[in-house]
Amino acid sequence: MIRLFFIVLLLVVLAVAQKPERSMLWNALYEAGHVPLFGGIAWLARGMLAARRPAWAGWRTSLAAFGVAVATGATTELAQAFAPHRDAAWSDLARNVAGASAALLLWHAWASRAARGRGARRRGAWLAAAGVALLAVALLDLADTVGVLAQRARAMPTIVAFDGSRWERRLLLSGRNRLTPVGQSPGAPPGLARLDLRPSLYSGLTITEPYPDWRGRSALVFEVGSGLDRPLQLTVRIHDARHDNRYRDRFNRAYEIEPGTQTIRIALDEVRVAPDRREMDMGRIRGVAFFVHRLEAPAHLFIGPMRLE
C-alpha cells in the first residue's frame, strides 16, 4: 500500500510540476526528469508485485513491473494531449521506457551480487552496463544542452560568430531562409556569413537564448553587408525573459542597409529602457532577431560576428 501511495505521488508530481521558466536548460531538465520518475515507478511497481506475487520468478516480476510503468507512461502522455498547456510527445514516452528499463536492469545487477558463480557475476556486470548505457542515451539531450551552454559562455563576449559550429546551430532559427557560415560562401566579404532571405511577412534570422547576462557591457556590435543595388530595411529586435509579446515591451529598431558593408552599434542603455512600462532585465536577455518586413522578392544579406563591448 505504501508503494502504491508513492507511485500515485510520483504521478501527481508529473501532472502538476511546472518549469520555473521556459529556457533550454529548464526544458532539458524537465524532459530528463521522465527518466528517474519512471525508473522510480518501475522500482516501486516491482516491489509491490513481489509482495503480492511471491511465487513469481524474479524476471517475471520485473517484466510485469515494466508493463505497469510503460502503460502508466503511455496513459499520462495520452492524457497530456487533451490538457491545456501540456503536450504529448513520443520522446517523453521513450524516456519513460528507458527509465523503467534502466531501473529494472540495475536492480537485477545489484541483486546478482549475492549470486554464486562467475557466470552470475558476469551476467550482473552486463546488466549493469546495459542499464547505465540506457541512462546515458536517455540523458543525452540534457548533456548536449549543458555542453551548448558551456560553449556559449566560453565564446563571450561574442554572442554568435556565424561560423557554422554545432552549438551555434542550436541557437539559430532561420525558418525557410538559408544561412551560409563565414568562409563558406564564395561571394561573401571576408569574415561575413551570407543570409539568403525568402519572401515573407517577416523574413530573417533569430538567435534564441544568446548568452543572457549583458550587464556591464555598453554596446552590441556587428557588421552587415549588402550586394543589392537598392537599400534594404533591416529591423533588429531584442527581448528579455519577462517579455509579454507586446511590440512595445522590447527593443525594436529599423536600419537602412545600403549597398556595401556597414557597422551597426546598438547602445545597451537604449535597449535597457526600450520597454514602455519597465526596464529590460539585462541579466536575462532571451532573444535577438533580424528581419525584413514584407519582403516581396528574394534577397540576401551578409552578416558578421555579433559581439558585446
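The mean accessible area for residues of region 71-199, using a 1.4 Å probe and ignoring ligands and nucleic acids, is 57 Å² per residue. Based on alpha-carbon centroids, what's the gap between region 232-309 and region 208-224 in Å, whole number please? So the separation of the two Cα centres works out to 11 Å. Counting only Cα atoms, the chain measures 83, 44, 39 Å along its principal axes, largest extent leading. Can you pull the percent of region 55-165's accessible area that's carbon plus sulfur, 1.4 Å probe, other chains left in place? Carbon with sulfur: 68 percent of the solvent-accessible area.
Of the GluC sites (Glu not before Pro) found in region 253-300, those in coil by DSSP whose Cβ has at most 13 other Cβ atoms within 10 Å are E279, E296.
For region 224-293, the ratio of Cα radius of gyration to the globular rule of thumb 2.2 N^0.38 Å stands at 1.22. Sequentially through region 227-243, phi angles give Karplus couplings (6.51, -1.76, 1.60; θ = phi - 60°) of x, 6, 8, 9, x, 9, 8, 10, 9, 10, 10, 9, 9, 10, 5, 8, 4 Hz, Gly and Pro residues having no value and appearing as x. Expressed as a whole percent, the accessible area of region 191-242 that falls on carbon and sulfur atoms is 42 (1.4 Å probe). Ignoring solvent entirely, what values of log10 I(q)/I(0) come out of the Debye formula for region 73-226 at 0.12 Å⁻¹ when each Cα is a single scatterer? Log10 I(q)/I(0), no solvent term: -0.80.
Per-residue ellipticity at 222 nm computed for the chain from its helices equals -14500 deg cm²/dmol, with DSSP H segments shorter than 4 residues left out and the rest contributing -39,500 (n - 2.57).
The values are calculated or read from the model by the stated rules, or taken from the named source; none is laboratory data. Note that the structure is predicted; figures quoted are calculated from it, not measured. Virtual Cβ from ideal backbone geometry, glycine too; neighbours counted across all protein chains shown. Heavy atoms of the whole protein, side chains included, go into the accessibility calculation; ligands, DNA and RNA do not. Shrake-Rupley method; radii C 1.70, N 1.55, O 1.52, S 1.80 Å.
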